[in-house]
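Working notes, beginning with the structure itself.
Each reported figure results from applying straightforward, stated rules to the coordinates on display, with no laboratory input. Bear in mind the structure is a predicted one, so any value in this text is a computation, not a measurement. No Cβ is skipped: glycine too gets one built from the backbone with ideal geometry, and neighbour counts run over all protein chains shown.
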Amino acid sequence: MTRTLTLATWNINSVRLRLPLVEHLIAGWAPDVICLQETKCPDANFPSSSLTKLGYEHIAMNGQKGYHGVAILSRIPFSETGARNFCGKQDSRHIGVKLDLAGTSLAETGLFVHNLYVPAGGDEPDPVANEKFAHKLAFLAELEAWLGLGSGADAAVIVGDLNIAPLPDDVWSHKKLLDVVSHTPIETETFEKIRRDGAWLDVMRDFVPVPEKLYTWWSYRAADWSAADKGRRLDHVWASPGLKPKFTSMEILREARGWDRPSDHVPVIVKLEV
DNA sequence: ATGGTGGGCGCCCCA
């Protein structure tokens with residue numbers, strides 16, 4: 001007996017302002033687990049009761065006032081595995097849970113879900129001139145040490161806004177973005193090294209190989225985001241290699257960029273048979 | 001063409 005597990009990740013850019021969009025996602029796609037980034041909401045003000053009413057009885061959050069913030073909404077019970085602080089800062093950029101999947105093929109291990117919001121890194125891709133970029137690189141170094149060599153061997157998924165578009169076909173113009181933070185060689189090479197050394201599967205690219213373009217983010221600053229289509233794949237789903245045969249679908253909800261008062265990121269939804 | 005828009009918060013930070 002297998003069950004379908006639907007998992008979504010979305011940088012929502014204010015969970016309070018866009019609660020109706022989260023509800024729309026729930027109504028249309030019914031994810032079992034929703035990982036949100038940039039909730040911009042202290043835990044005490046999180047709209048938990050609205051979400052609990054919709055079946056998300058298990059909520060893990062790591063919020064702060066004004067900036068960052070991550071949360072995991074789940075219809076499946078879990079145990080929290082912690083909120084990690086990176087770079088000695090109190091930034092709310094990670095929350096982890098272990099889903100209880102009793103009665104499935106993952107009953108023994110559970111499924112670890114790590115929800116991450118990697119620093120954007122500012123405008124100037126120079127760690128000396130721009131401390132935000134230095135912070136991003138330091139965050140990646142810590143991420144590499146934490147995920148560790150071969151750590152993808154467990155039953156785990158890493159999702160979130162990783163703020164790097166690693167492949168040439170993850171951006172609208174590889175050449176034009178080589179000096180743009182999110183697609184510089186130091187970022188893209190480090191990103192792929194972390195993923196490969198940890199033996200993580202790039203689930204999105206497993207479903208849609210290069211050279212097909214994949215984007216999850218379109219800037220607010222374009223007059224017509226869809227016509228210009230200057231997107232980037234900043235949001236990711238990584239998985240332990242052993243989970244590879246369990247994934248049955250991956251969808252980037254491009255239409256969500258056209259919803260009323262949208263986030264600049266759209267949800268990525270994957271399904272697993274576990 | 002070196003802008004543009006959109007959050008939270010409070011007179012400016014961040015994306």
Item to check | Candidate aspartates and glutamates - alpha carbon under 14 Å from A:Lys230, same-chain residues fewer than 8 apart omitted | outcome: A:Asp169, A:Asp170, A:Asp264
Checklist entry - How do A:Arg3, A:Arg75, A:Arg232 rank when sorted from fewest to most other Cβ atoms within 10 Å of their own Cβ? => result A:Arg3, A:Arg75, A:Arg232
Next on the checklist: For a Förster distance of 35 Å, can you work out the FRET efficiency between the beta-carbons of A:Ala227 and A:Leu17, rounded to the nearest 0.05?
Outcome noted: 0.85
Checklist entry - Sorted by average packing, counted as other Cβ atoms within 10 angstrom per residue and highest first, what order do A:221-227, A:49-55, A:14-20, A:164-170 take? => result A:164-170, A:14-20, A:49-55, A:221-227
Checklist outcome for this item: Residues whose built amide H sits under 5 Å from the amide H of A:Asn11, excluding neighbours closer than 5 in sequence, are A:Gln37
Checklist entry - If eta is 1.002 mPa s and T is 20 °C, what Stokes-Einstein diffusion coefficient results for chain A, Kirkwood Rh from Cα pairs, in µm²/s? => result 115
Next on the checklist: Tell me the mean residue ellipticity at 222 nm calculated for chain A from its helices only (DSSP H runs of n ≥ 4, each -39500 (n - 2.57), averaged over every residue, nearest 500).
Outcome noted: -6000 deg cm²/dmol
Item to check | Value of relative contact order over the stretch A:4-273, rounded to a whole percent, pairs C-alpha under 8 Å and six or more apart | outcome: 18
Next on the checklist: What translational diffusion coefficient, to the nearest whole µm²/s, does the stretch A:108-214 have by Stokes-Einstein, given a Kirkwood radius computed over alpha-carbon pairs, a temperature of 37 °C and 0.692 mPa s viscosity?
Outcome noted: 224
Checklist outcome for this item: With label points set 7 Å from each Cα along the Cα-to-Cβ direction at A:Asn85 and A:Val210, the distance between them in nm comes to 3.8
Checklist entry - Where both residues lie in chain A, what percent of DSSP beta bridges are antiparallel, nearest 5? => result 80
Checklist entry - So which GluC sites (Glu not before Pro) in the stretch A:84-175 are both in a DSSP loop and have at most 14 other Cβ atoms within 10 Å of their Cβ? => result A:Glu108
Checklist entry - What is the fewest-to-most order of A:His68, A:His236, A:His183 by other Cβ atoms lying within 10 Å of their Cβ? => result A:His68, A:His183, A:His236
Item to check | Distance-filtered residues of the stretch A:61-85 - backbone nitrogen under 12 Å, label point 7 angstrom along A:Arg3 Cα→Cβ | outcome: A:75-78
Next on the checklist: Which entries of A:Lys193/A:Lys271; A:Lys98/A:Lys246; A:Lys40/A:Lys213 have Cα-Cα distances beyond 19 Å here?
Outcome noted: A:Lys193/A:Lys271; A:Lys40/A:Lys213
Checklist entry - For the stretch A:12-92, which chymotrypsin sites (Phe, Trp or Tyr not before Pro) are both in a DSSP coil and crowded by at most 13 other Cβ atoms within 10 Å? => result A:Tyr67
